[in-house]
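Q: Attaching a single structure in structure tokens format; questions to follow.
The values are calculated or read from the model by the stated rules, or taken from the named source; none is laboratory data. Computed from a predicted model, the values in this text were never measured in an experiment. Cβ placement follows ideal geometry from the backbone for every residue including glycine, while neighbour counts extend to all protein chains displayed.
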Amino acid sequence: MNNSSHSFESVWATLESAGAKIDSAGAKIDRLTEKQAETDRLIKETDRIVREVSKQLGGMGNSHGSFAEEYFFNAFDDGKKDFFGEKFDEIEKNLKNKRNGLTDEYDIVMFNHTSVAIIEAKYKAHENDVPAVLNKVDTFRKLFPDYKDFKIYLGLASMSFYPELEEECKKQGIAIIKQVGDKVIICDENLKTF
């Protein structure tokens, strides 16, 4: 017979205590699993709401941008095709092209037999729009090779301008086209030919 110091009752009590601890741990794990499931559900719902709000805000931004494009296009299309000291015969809105993997879109483009005027319209322009406007010269020449030898003028049209943006446009030779009251004002005294 084994001379163990543990009696059947003490071993049984230890096993019951361990079982109770396992049951308690299992209950805690079940509660944690339920809380994790609820947290996952709340995260998914929050993601859905954020996506919906972002979609609505993006739609508002697109609406403002479309409004500005239409406003300035109409201003030029209504007989104001004398621009940058030249008369333009044709005007296009939202001109797009794709060639050799390059794609670009031009809000307003005016043409005559020697020159092209590219005008980017923004509801509220920022200084960081200036490099994108300057880039339009290169992409236009590549996407529309028939006009590669034409003079290109650039303009930035916006419903509002701030002084630093105007200075940057002047420095880069980009015409400033803005709404003042019910009129469109064109500031092209520092205009460059590209």
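Q: On the given criteria, is L102 surrounded by 13 or more Cβ atoms within 10 Å (Cβ to Cβ), farther than 22 Å from Y162 by Cα and either in contact with an Asp or Glu (Cβ under 6 Å, 6 or more places away or on another chain) or not charged (D, E, K, R) (or both)?
A: So L102 does not fit the description; no.
Q: Something else: Suppose we filter segment 105-146 for residues that are surrounded by fewer than 20 Cβ atoms within 10 Å (Cβ to Cβ), within 24 Å of A75 (Cα to Cα), in contact with a Phe, Trp or Tyr (Cβ under 8 Å, 6 or more places away or on another chain) and not polar (S, T, N, Q); how many remain?
A: Within segment 105-146, residues that are surrounded by fewer than 20 Cβ atoms within 10 Å (Cβ to Cβ), within 24 Å of A75 (Cα to Cα), in contact with a Phe, Trp or Tyr (Cβ under 8 Å, 6 or more places away or on another chain) and not polar (S, T, N, Q) number 3.
Q: Please give the number of the condition I176 fails out of (1) at pLDDT below 95; (2) surrounded by 19 or more Cβ atoms within 10 Å (Cβ to Cβ).
A: For I176, the exception is condition (1).
Q: Right, here's the next one. Confirm whether L154 is over 20 Å from K93 (Cβ atoms) and aliphatic (A, V, I, L, M).
A: Values: over 20 Å from K93 (Cβ atoms): no; aliphatic (A, V, I, L, M): yes.
Judged against the criteria, L154 is not a match.
Q: If you take just the strands (runs of 3 or more DSSP E) that sit entirely in segment 83-194, which of them hold at least 3 residues that are under 16 Å from Y71 (Cβ atoms) and in contact with a Pro (Cβ under 6 Å, 6 or more places away or on another chain)?
A: Passing ranges: none, list empty.
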